[in-house]
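Structure first, then comments.
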Amino acid sequence: MRRNQTKGTSIHLLCSGLLLLANKTHAFMATQQQGAHNGLRTFDKHYLSSAKIRLHYKKNPFDEESPSQREQRMQLVRQVQETFYADEVGVYPPQHGVYSNMPLYRGNWTELPGFQHTLNVTDPYYINMLMKVVSSSQPWYFGHVYLPGGAESIDDYNFRLEKGSDAPLVGTLMQVSDYTRMDNGGLYVVVQALGRFLVVDAIRHGSPYSVATVEMLPDGEMVEHFFGEAKDTVASFDFALNDDARGAACAGAIAEAEAFRSYEFLVVEADNVLESDAILPPVASFNAEAATTNDASDGVVHKA
C-alpha cells in the first residue's frame with residue numbers, strides 16, 4: 001500500500017514539474033519573440049536613419065549655393081591658393097639643354113612640337129602641379145610624356161621612368177601660354193608644345209605626379225647645319241677635338257631653338273578663347289613683334 005502511495009506521489013510531482021517546465025519554456029519563448037520583434041524594430045529604425053543620412057549626403061551641398069555665394073567661396077579658395085603657392089620657383093633654368101626638377105604630365109595622348117591646344121584640368125594632382133608652374137616666374141614650363149592607360153598606370157611598376165621599363169622616355173617640353181581658374185576649382189589652360197626631350201633621371205616616378213631631369217633633343221636639320229661649322233672650327237686647332245664636333249653641333253641647335261621660342265610661339269590668352277568660344281588654331285602662330293634679324297657684320301642678334 002505504501003509503495004503504491006509513494007509511486008503515485010512521485011508521478012504527481014513529476015507531472016507537476018513537467019507542467020511547470022512547459023509553462024516557463026512557453027514564457028521564455030514568448031519573451032524571446034517579443035525581444036526579437038523589438039530588436040528588429042530598433043534595427044529598422046537605425047537602418048532607416050542611416051539610409052536617410054546617406055541619402056542626404058549624396059547631394060552636393062554646394063549645388064544649393066546661389067551665384068553670389070559661389071563667387072564668394074571661390075574668392076576665398078583663390079586667396080588660399082595664392083598664399084599656398086607664393087614661394088614657387090618653377091623649373092630650374094636649363095644648363096646646356098638640361099632641365100632639372102621638371103614636373104611631368106603623363107597622359108594617354110601624345111604631344112607634337114609646334115602644336116597648341118587647351119586643357120580642361122580637373123584632376124586635383126595635376127591642378128596642384130600646374131598651379132605650382134604658373135605661380136612661378138615665366139616662362140611656365142612642364143613636360144608631357146605619353147603613358148598608356150593615363151592616370152591609372154602612373155603607379156604601375158612596369159611604367160617607371162627608367163630604361164628597361166614599358167614607359168616611354170621621350171616626351172615634349174610644354175609651355176603654358178595662359179590659364180584661367182574655373183568656378184568648379186579646375187584650370188583652363190592654353191598649352192604649346194615646344195620640342196622633344198629625353199628623361200635622363202627620374203626624381204619621382206609616380207603619384208602625385210612624376211618629376212624628372214630631362215635633356216632636350218635637338219632638331220636633326222639644325223644639328224647638321226651647325227655640324228659643318230663645328231667640324232671646321234675644331235679642325236683649325238692643333239689638338240684633336242673632332243669627337244666633340246657633334247656634341248657642339250647639338251648644343252648649338254638646342255640654343256638656337258631656345259632663342260627663337262618667343263618668335264615661333266605667339267602667346268594666346270585663355271580668356272579670349274574661353275569667352276569667345278573661338279577655335280584655337282592647332283598650329284602655333286608666329287609672333288611678329290619678337291622677330292629677329294642676324295647682322296652678319298657683328299654677329300649680334302637684333303630685335304626687328
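Details
- Across all directions, the average projected area of the convex hull around the alpha carbons of region 79-193 is 7.9 nm².
- Cα centroid of region 166-211 to Cα centroid of region 128-152, whole Å: 3
- Inter-site label distance for Gln81 and Leu280 at 7 Å from Cα along Cβ, in nm: 1.6
- Using a Förster distance of 22 Å, the FRET efficiency for Arg73-Gln138 (Cβ separation, nearest 0.05): 0.15
Any read-out appearing in this document is the output of simple, stated calculations on the displayed coordinates, not a laboratory observation. Remember, predicted model here, so these are calculated numbers, not experimental data. Positions of Cβ are generated from backbone atoms using ideal geometry, with glycine treated the same way; all protein chains shown enter the neighbour counts.
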